Amino acid sequence: MSKHKVIYDTDPGVDDAMALVFQALHPDIELLGLTSVFGNATIETTTRNARFLAGRFVAGVPVAQGAAAPLERTAPDPLAWIHGDNGLGNIALDMTDEAELDPRSAHRFIVDTVRAHPGEVTLIAVGPLTNLALALAEDPQIATLVKQVVIMGGAFGTDGVLGNVTPAAEANILGDPHAADIVLGAAWPVAIVGLDVTQPTIMSHEYLASLRDRAGHAGQFVWEVSRHYEAFHEQSAQLAGIYVHDSSAVAYLLAPELYTTRSGPVRVVTEGIAIGQTIQKPSTMPVPAPEWDDRPECKVCLGVDVPGMLALYENTLCGTL
Ligand code: RIB
Ligand code: CA
């Protein structure tokens, strides 16, 4: 199996961190770099956290700092009640081995790295899509040079699923709806891993405790970083566990057969009360819809093999693939 060359665009963020560990330990992923973006916390915090995570789990992989705010709006307030004051569940951060900060901006790093590996790089984007939109603006040709874009974001109504910030909008898309509409309309292959599949994917308290006891330092880290995050889920959703958002995007790249998808162009609402809503026109829909019809198809994940995904994560961290 040839490795997936990946640029990880991230707003760490507890679940971002858990997804980084997943990528670091899976043998089929070659991380070329992390690019930070605002979202769960300020760009300063998400960049510091990306440097901590890269230094601890993927030594030598560069971090490039990205956008501090969306294309056309102001940055959202940090989500301390979800991800902690430091963005990583308020765990102690030993910055001794922090990754170097690449001198380029995130979007310049993306353009240069994609051009250095034409047709080979997958972008996994698990925060607001501002960096990807800026990369397209800087060099529109990269859309033809990227192997695949896998985003964690959006909500498409499967089994009644709603947004998680407003009834219409999921956090990453709402973080920069204009960027999201640009990214989802570019001529690169896009897979969208939204709340339709990430909310049904739940790591229970027992599952996380089992990783703590069986997956060495990685399992202990995942347990510690998820304590505050699990408390948020208990309080907000009466859940004895956590929704698996960002690691689901990684799982889709590694094992797309775990997901059922629907093809069709996707638009993002960029104003009004439904701002941040993601709306797909399924390719099977026979009616003309000019706002969708001249855009490329995206694959939207509507179903997931939850036990299969959880087993993949567990086996990756426990070294039992
Ligand atoms: O809606 C969940 C998404 O928003 C996840 O990527 C989480 O880390 C936050 O960025
Ligand atoms: Ca995220």
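The values are calculated or read from the model by the stated rules, or taken from the named source; none is laboratory data. In this text the structure is predicted, and so the values were computed from the model without any measurement. In this analysis, Cβ positions are derived from the backbone assuming ideal geometry, glycine residues included, and neighbour counts consider all displayed protein chains. Heavy atoms of the whole protein, side chains included, go into the accessibility calculation; ligands, DNA and RNA do not. Shrake-Rupley method; radii C 1.70, N 1.55, O 1.52, S 1.80 Å.
Could you identify the single residue in ALA215, ALA187 that is in contact (Cβ under 8 Å) with a residue 40 or more places away in the chain, within 22 Å of ALA54 (Cβ to Cβ) and away from ligand 1 (no atom under 16 Å from the Cβ)? Break it down into steps so the answer makes sense when it comes.
Details: ALA187 fails: within 22 Å of ALA54 (Cβ to Cβ).
Selected residue: ALA215, the only one of ALA215, ALA187 that is in contact (Cβ under 8 Å) with a residue 40 or more places away in the chain, within 22 Å of ALA54 (Cβ to Cβ) and away from ligand 1 (no atom under 16 Å from the Cβ).
Within the stretch 210-231, track down each residue that is farther than 16 Å from VAL21 by Cα and surrounded by 20 or more Cβ atoms within 10 Å (Cβ to Cβ).
Result: HIS228, TYR229, GLU230.
Give the stretch 30-44 a look and list any residue that's surrounded by fewer than 23 Cβ atoms within 10 Å (Cβ to Cβ) and either within 16 Å of ligand 1 (Cβ to nearest atom) or assigned to a helix (DSSP H, G or I) (or both), or say none.
Answer for the stretch 30-44, where residues must be surrounded by fewer than 23 Cβ atoms within 10 Å (Cβ to Cβ) and either within 16 Å of ligand 1 (Cβ to nearest atom) or assigned to a helix (DSSP H, G or I) (or both): THR42, ILE43, GLU44.
Spot the failing condition for ALA168; the list is (1) touching a helix residue (DSSP H, G or I) at 6+ places or on another chain (Cβ under 8 Å); (2) open to solvent by less than 40 Å² (accessible area, probe 1.4 Å); (3) over 21 Å from ALA186 (Cα atoms); (4) not polar (S, T, N, Q), and only one is missed.
It fails just one condition, (1).
State yes or no: is ALA92 open to solvent by 10 Å² or more (accessible area, probe 1.4 Å), part of a loop (DSSP other than H, G, I, E, B) and more than 16 Å from ligand 1 (Cβ to nearest atom)?
On the way: open to solvent by 10 Å² or more (accessible area, probe 1.4 Å): yes; part of a loop (DSSP other than H, G, I, E, B): yes; more than 16 Å from ligand 1 (Cβ to nearest atom): yes.
Spelling it out, ALA92 is indeed open to solvent by 10 Å² or more (accessible area, probe 1.4 Å), part of a loop (DSSP other than H, G, I, E, B) and more than 16 Å from ligand 1 (Cβ to nearest atom).
Quick one: which of LEU162, LEU208 is of a type outside the set (S, T, N, Q), without any contact (Cβ under 8 Å) to a residue 60 or more places away in the chain and assigned to a loop (DSSP other than H, G, I, E, B)?
On the way: LEU208 fails: assigned to a loop (DSSP other than H, G, I, E, B).
The conditions single out LEU162.
Kindly list the number of the only condition in (1) more than 11 Å from the chain's Cα centre (by Cα); (2) within 15 Å of ligand 2 (Cβ to nearest atom); (3) not in a helix (DSSP H, G or I) that fails for ALA59.
Of the numbered conditions (1) more than 11 Å from the chain's Cα centre (by Cα); (2) within 15 Å of ligand 2 (Cβ to nearest atom); (3) not in a helix (DSSP H, G or I), the odd one out for ALA59 is (2).
Here's the yes/no breakdown for (1) within 22 Å of ASP16 (Cα to Cα); (2) outside any helix (DSSP H, G or I):
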position: LEU239; (1), (2): yes, yes
position: SER247; (1), (2): yes, no
position: THR261; (1), (2): no, yes
position: THR284; (1), (2): no, yes
position: LEU312; (1), (2): yes, no
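May I ask you to verify whether ILE142 is more than 16 Å from ligand 2 (Cβ to nearest atom), open to solvent by less than 10 Å² (accessible area, probe 1.4 Å) and more than 16 Å from the chain's Cα centre (by Cα)?
Yes.
One line per residue, one yes/no per condition, for (1) within 13 Å of ligand 1 (Cβ to nearest atom); (2) among the small types (Gly, Ala, Ser):
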{"residue": "LYS147", "(1), (2)": "no, no"}
{"residue": "GLY153", "(1), (2)": "yes, yes"}
{"residue": "VAL161", "(1), (2)": "yes, no"}
{"residue": "ILE173", "(1), (2)": "yes, no"}
{"residue": "ASP181", "(1), (2)": "no, no"}
{"residue": "HIS205", "(1), (2)": "no, no"}
